[in-house]
Structure formats: structure tokens, C-alpha cells
1. Suppose we keep only residues that are assigned to a loop (DSSP other than H, G, I, E, B) and farther than 19 Å from Ile83 by Cβ within the range 95-126. Which one would you say is least open to solvent (accessible area, probe 1.4 Å)?
2. Do we find that His76 is of a type outside the set (A, V, I, L, M, F, W, C) and in contact with a Cys (Cβ under 9 Å, 6 or more places away or on another chain) in this structure?
3. For the range 59-85: of the residues being over 20 Å from Cys48 (Cβ atoms) and in a loop (DSSP other than H, G, I, E, B), which is farthest from the chain's Cα centre (by Cα)?
4. Here is a check on your reading of the model: is Leu33 assigned to a helix (DSSP H, G or I), open to solvent by 40 Å² or more (accessible area, probe 1.4 Å), within 18 Å of Ser119 (Cβ to Cβ) and not β-branched (Val, Ile, Thr)?
5. How many residues are open to solvent by less than 80 Å² (accessible area, probe 1.4 Å) and out of contact with any Lys or Arg (no Cβ under 9 Å at 6 or more places or on another chain) if we restrict to the range 36-47?
Amino acid sequence: MDAIILLVAVVIVAFMFGAIIGSFLNVVALRGLSGESIVLPPSKCPKCGNKLMPWHNIPILSYLFLRGKCAFCKEHISIQYPIVEFIAGLFAVGVLFKYQFNLAGLFAFTILCILLVMSVTDIKEKVIITTHAWVLIAVGLVFHS
């Protein structure tokens with residue numbers, strides 16, 4: 001019974017880690033398209049531009065609690081945000097089961113995340129950002145050597 005509880009806890013932590021990374025991947029995908037920095041400015045509503053509070057940025061949960069609307073202007077927020085976070089969470093759990101905690105798992109998760117960002121930009125704007133492709137190539141080369 002203790003082993004099952006530990007396994008469930010590890011899966012939950014891995015999923016949460018992946019969802020947090022997924023939240024950042026949304027920033028990378030969307031700001032990569034607009035040419036903005038992925039570091040500054042802090043997260044803001046895409047409609048009204050108000051700076052989001054930390055509790056507005058909890059992956060998946062904030063979207064559900066806010067019912068998919070901005071806390072300030074009440075405009076609809078794209079379902080893309082929780083979907084990307086959820087997929088990244090699933091990636092983290094899948095990689096954990098396949099590779100456990102090792103370097104190969106880190107590389108696999110990194111590659112999956114880069115591919116997810118590339119997929120988002122491709123689906124959203126029909127564009128693959130060259131920098132993302134170069135990063136994917138570099139990660140592949142480092143892992144292969």
C-alpha cells in the first residue's frame with residue numbers, strides 16, 4: 001500500500017512539474033510568434049493587457065477556477081493554455097515511466113517540449129520558428145554525442 005501511495009505522489013509531482021513547464025511553453029510559443037521577450041514583461045491578459053497575479057498563473061487550475069475568462073476584463077481565454085499545460089504534464093509522466101530520473105529522460109522531455117512549442121506555432125500560425133528548429137537540432141546533437 002505504501003508503494004502505491006508513493007507512486008501516485010511521484011506521478012502527481014511529475015505531472016505538476018510538466019504542467020508548470022507547459023505554462024512556460026505557452027509563453028515561448030506565443031511570444032516567439034510576436035517577437036517579444038520570453039522573460040519580460042510578466043504574464044498579462046492577451047485582451048486587456050492587465051498584469052496577471054501569481055494565482056492567475058497556476059497551470060490548468062487557474063483556467064478552471066476563472067472559467068476560461070480573464071479575472072479583469074472577463075474576456076474568453078484560449079483553451080490552448082490548459083491544453084498545452086496538460087500535454088506537457090502527460091509528457092512528464094510518460095517520460096518518468098519510460099526513463100525514470102536520468103539524463104536520457106531529461107533529453108526526451110526537452111525534445112518533446114520543443115516539439116510541442118513547434119506544434120503550437122505551426123497549428124496557430126502555420127509557421128515553424130527557425131530558432132526552435134535549431135534548438136531541437138542542438139539538443140539532439142548533444143544527446144547523441
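1. Among them, the one singled out is Asn102.
2. Judged against the criteria, His76 is a match.
3. Among those residues, the one meeting the criterion is Ile60.
4. Yes.
5. 1
The values are calculated or read from the model by the stated rules, or taken from the named source; none is laboratory data. No experiment lies behind these values; they were computed from the predicted model shown. Neighbour counts run over all protein chains shown; Cβ positions are idealised from the backbone, glycine included. Quick note on the areas: whole protein, heavy atoms, side chains included, nothing else; ligands and nucleic acids left out. Shrake-Rupley method; radii C 1.70, N 1.55, O 1.52, S 1.80 Å.
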